[in-house]
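Structure record follows, encoded as structure tokens.
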Amino acid sequence: MHKLVILVESTATPNFHEFWPRFLHAAENIPGLRREATSRVGQVLFGDFECSMIHELFFDSIATLNAGLASEPGKEAGRLLQEMTAGRVKLLIADHSEDDLENIRKYKAM
């Protein structure tokens with residue numbers, strides 16, 4: 001699984017909250033999107049990093065992610081993202097894997 005990680009520096013830019021539902025609508029129509037997650041950052045524990053929101057879009061593969069971003073809904077989501085953040089955003093593509101605690105404990109006990 002691969003994901004697009006969107007790091008939003010500030011949600012205080014003018015009209016951010018007006019654009020956010022429009023962005024979500026476009027993003028949720030990206031072909032191949034499996035799920036999404038939003039995290040509002042409450043505190044940076046260490047380091048010099050400005051980020052008030054993290055939004056993640058999950059896809060089955062890097063090819064599906066790239067095709068989705070190149071689609072019309074993907075382009076519209078990107079345009080809205082740039083407009084609502086005034087360009088104060090960082091985009092990362094990550095290879096994503098996860099495990100649940102039950103499975104981790106099972107192998108830890110061996």
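The values are calculated or read from the model by the stated rules, or taken from the named source; none is laboratory data. From a predicted model like this one, the values you see are computed outputs, not experimental measurements. Don't worry about glycine lacking a Cβ; one is built from the backbone with ideal geometry, like all the others, and counts go over all protein chains shown. Areas reflect the complete protein model, heavy atoms only, side chains present, ligands, DNA and RNA absent. Shrake-Rupley method; radii C 1.70, N 1.55, O 1.52, S 1.80 Å.
How are the alpha carbon pair distances in segment 16-63 distributed across 10 Å bins from zero to the largest one, expressed in percent?
Binned Cα distances yield the sequence 21, 42, 29, 8.
Report the residue, chosen from ASP48, ASP60, ASP100, that carries the largest GNM mean-square fluctuation when the chain is represented by alpha-carbon nodes joined by springs under 10 Å.
Looking only at ASP48, ASP60, ASP100, the largest GNM fluctuation is found for ASP100.
Evaluate E = 1/(1 + (r/R0)^6) for GLN43 and LYS106, where r is the Cβ-Cβ distance and R0 equals 30 Å; express this FRET efficiency to the nearest 0.05.
E between GLN43 and LYS106, to the nearest 0.05, is 0.35.
Which of the three applies to the chain, rounded, prolate or oblate, going by the alpha-carbon gyration tensor with a ≥ b ≥ c and a/c under 1.5 meaning rounded?
Working: a/c = 2.49, a/b = 1.34, b/c = 1.86.
Since a/c reaches 1.5 but b/c is at least a/b, the shape of the chain is classed as oblate.
Using a 1.4 angstrom probe with every protein chain in place, what is the largest-first accessible-area order of GLU18, GLU102? Before the final figure, lay out the partial values.
Details: GLU18 105, GLU102 150 Å².
Order by accessible area, largest first: GLU102, GLU18.
Let me cross-check LYS75: its accessible surface, 1.4 Å probe, with only protein heavy atoms counted, in Å² to the nearest 10?
The accessible area comes out at roughly 110 Å².
At a 1.4 Å probe radius, which order do VAL89, VAL8 fall into by accessible area, largest first? Write down the numbers at each step before the final one.
On the way: VAL89 20, VAL8 0 Å².
Solvent-accessible surface, decreasing: VAL89, VAL8.
Report the extension gain between ALA94 and ASP60 in nm, rounded to one decimal, defined as 0.36 nm multiplied by the number of residues separating them, less their alpha carbon distance.
The span from ALA94 to ASP60 would gain 11.1 nm if fully extended.
Work out from phi, with θ = phi - 60° and the Karplus expression 6.51 cos²θ - 1.76 cosθ + 1.60, the ³J(HN,Hα) of each residue of segment 58-75, listed in order in whole Hz, and give x for Gly and Pro.
These are the phi-based 3J(HN,Hα) values: 9, 9, 5, 8, 5, 5, 5, 4, 4, 5, x, 5, 7, 6, 4, x, x, 5 Hz.
Order VAL5, VAL41 by their accessible area, 1.4 angstrom probe, all chains in place, largest first.
VAL41, VAL5
If the elastic network links every pair of Cα atoms under 10 Å, which of LEU80, LEU33, LEU92 fluctuates the most in the Gaussian network model of the chain?
Among LEU80, LEU33, LEU92, the largest mean-square fluctuation in the Gaussian network model of the chain belongs to LEU92.
Calculate for the chain the 222 nm mean residue ellipticity that helices alone would give, adding -39,500 (n - 2.57) per DSSP H run of length 4 or more and normalising by residue count, nearest 500 deg cm²/dmol. All intermediate terms of the calculation are to be shown ahead of the outcome.
Values: 4 runs with 43 residues, N = 110.
That calculation yields -11500 deg cm²/dmol at 222 nm.
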